[in-house]
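Data block below; observations after.
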Amino acid sequence: MKSKSTLTAAARLASVAFGLVLLGAGCFGQPTAQGPTGPDSGVWKTSDHGQTWVNKKAYVDGPKLSAAGAELSVQTLAMDPQDRLAIYMGTNGQGLAYSLNGGDSWQIFKNLEAKNIKSVAVDPKNKCTIYVASQNKIFKTKTCGRDWEMIFFDPRTDKFFTQILADWFNPTILYSATNDGDIFKSTDEGANWQAVKRAGASVTSLAMSPQDSRLIYAGTEGDGLWKSLDAGITWLQIRKEFGDIGDARRIYQVVVDPTSANRLYLVHRSGIAKSEDQGQTWEAMNLLTDLGEGKITSMAIDPNNSKNLVYTGPTAVVFSLDGGQTWEAKKLPTTSQGTAVAIDAKDGNVIYLGTVPVKKK
């Protein structure tokens, strides 16, 4: 015989499941011909490579279900390496949201409510271990988010962690970085940290080669790109190699091709630069510039097809199916601004778009 608590839990799940049926595309899907009538931020999803989009805003809060997911302000999206339906959304002051069903519904981890989440890393071999960077602290859970502990703390309140990265080959190794240019490394799952590099500007992006986890890239806001071939022991600065791509020194994002050991992209202040030799030489990619203020906020590569590229900016999302030779731009399906893109690990037609509300002047 089932206990009362078990029956109550089952009833809640049934209630939520019923609610999700009601919150399908017809109710909380694409905007009508007259345009959206309420908040339309949070995460948008396409299953046909940008032809149609659905605002994934169903929000679960205990037994309650609402459309509050459309009010979330997305800073970053992280995919679980072991589960393509598990997605983590770092928000600006609204905590860490997660979905276990491909974005169909979202919840907020209670212990991290109202926090500013800059970066998220999921242990590539243990999906219940998650790390998040929030202000001057790094938090960790080993219980799929039921409990969180602070594992790293910077006493300087004007400094904050910008990045957290887990080694896919050896998940006991972690890297983190700050807006002060510090890069740290842990070899014991975050219990202890050691400074391995001090860059001359804020570290905006950390990336790791999918073929060799000892190859690490650190993009900075003004100090160019730093590269390590030995898991952070020594570092090589890449600046003069950019040549006349001067703005490439102000890096927003480093994106390593998941299928190539040598190819990487830099999203920078005025475009995207590409290297085929681990950063020794660079070329500026020919892009479509009508993105709203010309700023690219995020780029993603299909894990199974490196010719399938997508990037977003404040007003448009842009696609390429030939490795960036040609592009197709589409207006965002929302009145909000695009901030993050992620491509499904198995189906390149499935793309997630994170957005934030437009700031009122």
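Where a number appears in this text, it was derived from the coordinates with a stated rule and is not lab data. Just so we're clear, the structure is a prediction, and the values are computed from it rather than from any experiment. Every residue, glycine as well, gets a Cβ built from its backbone with ideal geometry; the counts of neighbours run over all protein chains shown.
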Computed E for residue 230/residue 64 - FRET, C-beta separation, R0 51 angstrom, nearest 0.05: 0.50
Cβ-derived FRET efficiency at R0 30 Å, residue 153 paired with residue 237, nearest 0.05: 0.55
Interchain or long-range residues, amide H under 5 Å from residue 332's placed H: 316, 317
Residue-wise HN-Hα coupling along region 211-218, computed from phi with Karplus coefficients 6.51, -1.76, 1.60 (Hz; x: Gly, Pro): 9, 9, 6, 7, 8, 10, 10, 10
Ellipticity estimate at 222 nm from DSSP helix runs (n ≥ 4, -39,500 (n - 2.57)) divided over the chain, nearest 500: -2000 deg cm²/dmol
Extension gain, residue 82 back to residue 47 (0.36 nm per residue minus Cα-Cα distance, nm): 10.6 nm
Distance between modelled label sites at residue 100 and residue 172, nm, 7 Å Cα→Cβ extension: 2.9
Length gained when the stretch residue 244-residue 319 is fully extended (0.36 nm per residue, less Cα-Cα span): 24.4 nm
Helix 4-22 vs. the chain, principal-axis angle (Cα, 0 to 90°, nearest 10): 70
Spin-label pair residue 260/residue 328, simplified geometry with 7 Å Cα→Cβ offset, distance in nm: 2.3
Exposure proxy order (Cβ contacts within 10 Å, fewest to most) of 269, 198: 198, 269
129, 335 arranged by Cβ crowding within 10 Å, fewest neighbours leading: 335, 129
Cβ-defined net charge surrounding residue 241, 12 Å radius [Lys, Arg +1; Asp, Glu -1]: +1
Rounded Å value of the spacing that divides the Cα centres of region 275-340 and region 89-158: 27
Gain in span if fully extended, residue 276 to residue 111, counting 0.36 nm per residue against the direct Cα distance: 55.1 nm
Exposed-loop-free span, longest in the chain, where GluC sites (Glu not before Pro) count as exposed if DSSP calls them loop and at most 15 other C-beta atoms lie within 10 Å: 114-275
Residue pairs, from the table 127/227; 115/137; 45/307; 137/227, whose Cα atoms sit over 22 Å apart: 127/227; 137/227
For 306, 275, order by how many other beta-carbon atoms lie within 10 Å, fewest first: 306, 275
Region 117-196: trypsin sites (Lys or Arg not before Pro) falling in loop per DSSP and having at most 16 other Cβ within 10 Å: 125, 127, 142, 146, 156, 159
